[in-house]
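The values are calculated or read from the model by the stated rules, or taken from the named source; none is laboratory data. The shown structure was predicted, so the numbers you read here are calculated from the model rather than taken from an experiment. Using ideal geometry, Cβ is built from the backbone for each residue, glycine included, and neighbour counts are taken over all protein chains shown.
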Protein chains: 2
Amino acid sequence: MTYRAPVADLLFSMSHELGLAQGLEGGVYADLADGIAEATLLEAAKIAENVLAPLNRIGDRQGAKLTNEGVVTTPGWPQAYKQWADGGWNAITGPTHYGGLGLPALLNTACNEIWNAANMAFSLCPLLTLGAIEALQTHATAALKDLYLGRLVSGEWTGTMNLTEPQAGSDLSAIRTRAEPQPDGSFKLFGSKIFITYGDHDLTGNIIHFVLARLPDAPPGTRGISLFLVPKFLVNADGSLGPRNDVYCVSLEHKLGIHASPTCTMAYGEHGGALGWLIGEPNKGLVGMFIMMNNARLNVGVQGVAIADRAFQQALAYARERRQGRAFNAPGEAMSPIVQHPDVRRMLMTMKALTAAARAICLMTAHAIDVSRRDEDADRRLRAATRASLLTPIAKAFSTDIGVEAASLGIQIHGGMGFIEETGAAQLLRDSRIAPIYEGTNGIQAIDLVMRKVAHDKGDAAYREIREMKAVLGAIRETDAGAFGDLAPRLDDAVDSLERATAFLLENAKSSPDDVLAGAAPYLRLFALALGGIALARGALAAHRLIGAGDNDPALPARIATARFFAEHIAPGSAGLELSVTRGAASVNSADFALAG
Amino acid sequence: MTYRAPVADLLFSMSHELGLAQGLEGGVYADLADGIAEATLLEAAKIAENVLAPLNRIGDRQGAKLTNEGVVTTPGWPQAYKQWADGGWNAITGPTHYGGLGLPALLNTACNEIWNAANMAFSLCPLLTLGAIEALQTHATAALKDLYLGRLVSGEWTGTMNLTEPQAGSDLSAIRTRAEPQPDGSFKLFGSKIFITYGDHDLTGNIIHFVLARLPDAPPGTRGISLFLVPKFLVNADGSLGPRNDVYCVSLEHKLGIHASPTCTMAYGEHGGALGWLIGEPNKGLVGMFIMMNNARLNVGVQGVAIADRAFQQALAYARERRQGRAFNAPGEAMSPIVQHPDVRRMLMTMKALTAAARAICLMTAHAIDVSRRDEDADRRLRAATRASLLTPIAKAFSTDIGVEAASLGIQIHGGMGFIEETGAAQLLRDSRIAPIYEGTNGIQAIDLVMRKVAHDKGDAAYREIREMKAVLGAIRETDAGAFGDLAPRLDDAVDSLERATAFLLENAKSSPDDVLAGAAPYLRLFALALGGIALARGALAAHRLIGAGDNDPALPARIATARFFAEHIAPGSAGLELSVTRGAASVNSADFALAG
């Protein structure tokens, strides 16, 4: 089954679902004028469909291997990476001063969906490099930037994030890796890191590790963590490669999915110390790391969208081909393609609508990031930064959750064939399952949302979203279109539920944090249902307007149908989620697990 | 991580959640008096925990292999099977005339949960033998019974179901395997079957295949399908084994999970014809096959419960051990076990409550089967048969769906470790994913529920359930217990939603079958939420009474808490499901898939 990049869907979402005041090619997106976005996505589609997608299965079956010469990726991987990087795809958002194109995050987010749908295990590598680029750009000295940034931007080298240690997964305060200052201003690192994605590989000539460690005099906890740059090969002042540094991959994990992406245990300093350089200020390493994490969080969300869309495409192709039973309205006696059976349609529409909503949320987050960087007005930049910060945990958690749900539905639509590995549907479920876990588990995202993003500004940012949602609902109610079905009342209910749940959180965040935390995950889902449903409704409104203006693109009625399906079948979960948030804490927190099991 | 059979949970559910009028040891369960049920489950626990569970991992890693001598199972498997069958475990419900114990289906269902939780891939083999026993017992001639039944009951031989062909998966009308009558009254079979579980193996000296095929003069479609018994080795009149029959496993599938369970492509008659014997009447093979299927459907539902419980046990053990972060109410500075974090508690309670509800539904179905066979009153037997028939698709689909959900949550609770195969949580997700597919996909279960089980008797059976639910709600409202929280109003809502959705289905089943089918799956889920919620509430009522009577079993308050959690966090999904059923058909059936993908 071939992957087809959903270029039209991405462009429609970017143009019509995000509520861009001046359209895709105006305002902060002047550099997307003249169809730059479309042209870029069409080029991305080509390499994704023809180079990356065909390597996805072999990557699953012949995962990365650890050899005496380090980690070796799947056959074909290094060539594909070179072709991809040579195409300039790593450099879309990179700073122009260092060879990047400086294009919007929005465009790169759309490209990221395409890469990850074609081949998630492959695309993880540049995904992490992107985070590294931002951390360097924001926090490193000019000297370090000059030495490293250009080649990370071009993709000649890749970057990694080294946070996790066995005792320090979600809780970074427990990090023990230590960094000893050297007379020349560098540091020697000693310690061990686990779960390091692409910690070693043969795609590029050098790998730049970004490592959390403690200085000798560091205070305990998260206030004593510093961020270091540790190259695999030392880099001479002239940019040439020096000797091998003392950092090695010592083992690979045997994982459920993304087999082609090496998950490394890294040993630092087992042969005298790994040379590293401080990024940013001592003991303030988490600031730089959070820049990398935030970037990665959105992009991991995009992985959820990507897998969901790939699963949908594959399931739809199968459902149109496979004949079983006769649909009620089918003429003759022949078996019908299963796409004609209502329950299969329901599953397909569920996949499609969840994917579309999550895609809109991810693109919306990228848009907020762009405004926060590109708008000429400082107030608008600040507000957009707050918005991006609010939306990021929703984009990450909701999208990765629905990635797993869609992949599982994709298997179900294939029936028995879905359980057979050769079909490929099973790989999507296996690959998708990591995304709700890494870059901050979805539980952590939910905590971040309620405690930091909603409660810390007394709900300002959240209520701003709710007000915007209500404005869209007003426009929908004014548009009396039969094709909208129950879209308006169902989204009304969802937004009202979100508003009441938000009020509950704000009332209780200080006095009863445990009660608020008990409802954090349902609240995040509720927020996503309202946000995603409204984004699709915005698209439906635009489609309705375009049809009225004579546009006969046959995809437009389908976009209205998807928005309607989301509102009628998925958004109604809001009522239950509201109850979980507002009335459910006692039965979570009083549960007694002392005896069970 | 060791599996512990939940004997106390099973006994509590059997005693208190099913609404047994005369208690577990009265009425149709006279043979369970004197603690027979508990004693049996405790013995089952021993062999499950000590023999079957330890083989689960190796079975996953060293799955069954096809060799020149046929299929070879995982090392240790044949010895474990022999020990298990020698213990008499295959014979619990078997007819006493053929060496069975003739005990209730309820007891065997509880045992099945234990076997499948310990080792699902192993337990599939006897699960299918059970179906074969029932088909033989009901439809075969005395001669065939005498030759085969005893050794299937004892487990000396195993049975298989051979339905699926490449073109005939869910749609059995498309079956092409043919059976040619021989002068001696036997038949020669020719054809190919796929997805045959344990179609070949080395656990027993013979394998008895139950095969759907067409006679030469058979009418087309499902009215021309006959059922045949085809032994791997022919059986002489004295019971000794004769020559090898012409049926062979020609390949094994490479599957997502249950690696130790061989999924065979079977070739019949490639060397002259596979000798077979007709079971039941010509062209009425589906009757016998549905007996096997119905039995298997309940037991596949039980697999969902089993995996969910195993996943819960493993996740709970990890959550009590693993320390990350400090819980809000934790004293001191040390990291807290993650079981103290509200979001982890929420996930654990979700797993626990879903498992408990599905378990109650499966046991309730088994209870109805027992009443249909054992009650002295013919009317009650008939009503119970109708009830079993109504509940079976719910037990199958809901339980297998929550099996996947719980396994996925189990991975999430483990964080990064959950994605590592050695942890074992990933195997549970991989294994669980087949259960919503085989023995009739869950979509087919939903169609069966709405079109056959609910609509065909004008809702009589469904409304009887709803009336019983309301009676329990009445009792709950009379019991003013603070520990019940919002249990009563939330279950009230759920039952009301079910009642309205049922009325909608009955009004539209004939006139708009496509509208009804579009809501079939949400209706099944809605029915399960009400049914499961009420069963747990019945248990909560019993626990409340027992506590009031001075019983200080510390598990009793936990049972109330589980019922309350289900009502407060899971049952509220009913409102959305009702809307999907009653207002959602248009957006399912009007979806246009012609363009997408």
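Identify the single condition in (1) out of contact with any Lys or Arg (no Cβ under 7 Å at 6 or more places or on another chain); (2) surrounded by 24 or more Cβ atoms within 10 Å (Cβ to Cβ) that B:Ala555 does not satisfy, given that it satisfies every other one.
It is condition (2) that B:Ala555 fails.
Conditions tested, residue by residue: (1) buried (at least 22 other Cβ atoms within 10 Å of the Cβ); (2) modelled with pLDDT of 95 or more; (3) away from chain A (no Cβ under 13 Å).
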position: B:Ala494; (1), (2), (3): yes, yes, no
position: B:Arg500; (1), (2), (3): no, yes, yes
position: B:Leu526; (1), (2), (3): yes, yes, no
position: B:Ala563; (1), (2), (3): yes, yes, no
position: B:Ile570; (1), (2), (3): yes, yes, no
position: B:Ala594; (1), (2), (3): no, no, no
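Can you name the number of the only condition in (1) more than 30 Å from B:Arg4 (Cα to Cα); (2) in a loop (DSSP other than H, G, I, E, B) that A:Asp592 fails?
That leaves (1) as the condition not met.
If the Cβ limit is 7 Å and pairs must be 6+ apart or interchain, which residue in region A:151-179 that is over 27 Å from A:Gly100 (Cα atoms) pairs with which residue that is in a loop (DSSP other than H, G, I, E, B) and β-branched (Val, Ile, Thr)?
Taking only residues 6 or more apart or on different chains, the pairs are A:Glu165/A:Ile175; A:Glu165/A:Thr177; A:Ala168/A:Ile175; A:Ser170/A:Thr441.
In this structure, does B:His367 turn out to be at the interface with another protein chain (Cβ under 9 Å from one of its Cβ atoms), in contact with a Gly (Cβ under 9 Å, 6 or more places away or on another chain) and not hydrophobic (A, V, I, L, M, F, W, C)?
When the stated conditions are applied, B:His367 does not pass them.
What tally of residues in region A:540-561 results from selecting those that are outside any helix (DSSP H, G or I) and more than 7 Å from every other protein chain (Cβ to nearest Cβ)?
Residues meeting the conditions: 5.
Looking at region B:102-123, is at least one residue in a helix (DSSP H, G or I), farther than 25 Å from B:Tyr438 by Cα, at pLDDT 95 or above and more than 17 Å from the chain's Cα centre (by Cα)?
no
Quick check on this structure: which one of A:Met335, A:Met347 is at the interface with another protein chain (Cβ under 8 Å from one of its Cβ atoms), over 22 Å from the mean Cα position of the chain (by Cα), among the aliphatic types (A, V, I, L, M) and not in a helix (DSSP H, G or I)?
Selected residue: A:Met335, the only one of A:Met335, A:Met347 that is at the interface with another protein chain (Cβ under 8 Å from one of its Cβ atoms), over 22 Å from the mean Cα position of the chain (by Cα), among the aliphatic types (A, V, I, L, M) and not in a helix (DSSP H, G or I).
If I filter region B:577-586 down to residues being surrounded by 24 or more Cβ atoms within 10 Å (Cβ to Cβ) and in contact with a Leu (Cβ under 9 Å, 6 or more places away or on another chain), which single residue comes out as nearest to the other protein chains (Cβ to nearest Cβ)?
B:Ser580
State all residues of region B:21-80 that are more than 30 Å from B:Glu253 (Cβ to Cβ) and among the polar types (S, T, N, Q); if no residue qualifies, say none.
B:Gln22, B:Thr40, B:Asn50 - these are the residues of region B:21-80 that are more than 30 Å from B:Glu253 (Cβ to Cβ) and among the polar types (S, T, N, Q).
Among the residues of region A:142-165, which ones are farther than 12 Å from A:Asn90 by Cβ and either of a type in the set (Asp, Glu) or outside any helix (DSSP H, G or I) (or both)?
Result: A:Asp146, A:Thr160, A:Met161, A:Asn162, A:Leu163, A:Thr164, A:Glu165.
Considering (1) on the phi < 0 side of the Ramachandran plot; (2) touching a residue at least 60 places away in the same chain (Cβ under 8 Å), say which one A:Asp496 fails and leave the rest.
Here A:Asp496 meets the rest and fails (2).
List the helices (runs of 4 or more DSSP H) inside region B:364-454, counting only whole elements, that have at least 3 residues being among the β-branched types (Val, Ile, Thr) and either over 30 Å from B:Gln62 (Cβ atoms) or over 12 Å from the mean Cα position of the chain (by Cα) (or both).
So the answer is B:378-413.
Can you tell me which residues in region B:243-297 are among the basic types (Lys, Arg) and in contact with a helix residue (DSSP H, G or I) (Cβ under 9 Å, 6 or more places away or on another chain)?
B:Lys255, B:Lys284, B:Arg297
All but one of (1) crowded, with 22+ Cβ neighbours inside 10 Å; (2) more than 7 Å from chain A (Cβ to nearest Cβ); (3) within 23 Å of B:Asn508 (Cα to Cα) hold for B:Gly532; state the number of the condition that does not hold.
Here B:Gly532 meets the rest and fails (3).
Can you tell me which condition B:Ala44 does not meet? The list is (1) under 30 Å from B:Lys352 (Cα atoms); (2) surrounded by fewer than 16 Cβ atoms within 10 Å (Cβ to Cβ); (3) small (Gly, Ala, Ser), and all the others hold.
(2)
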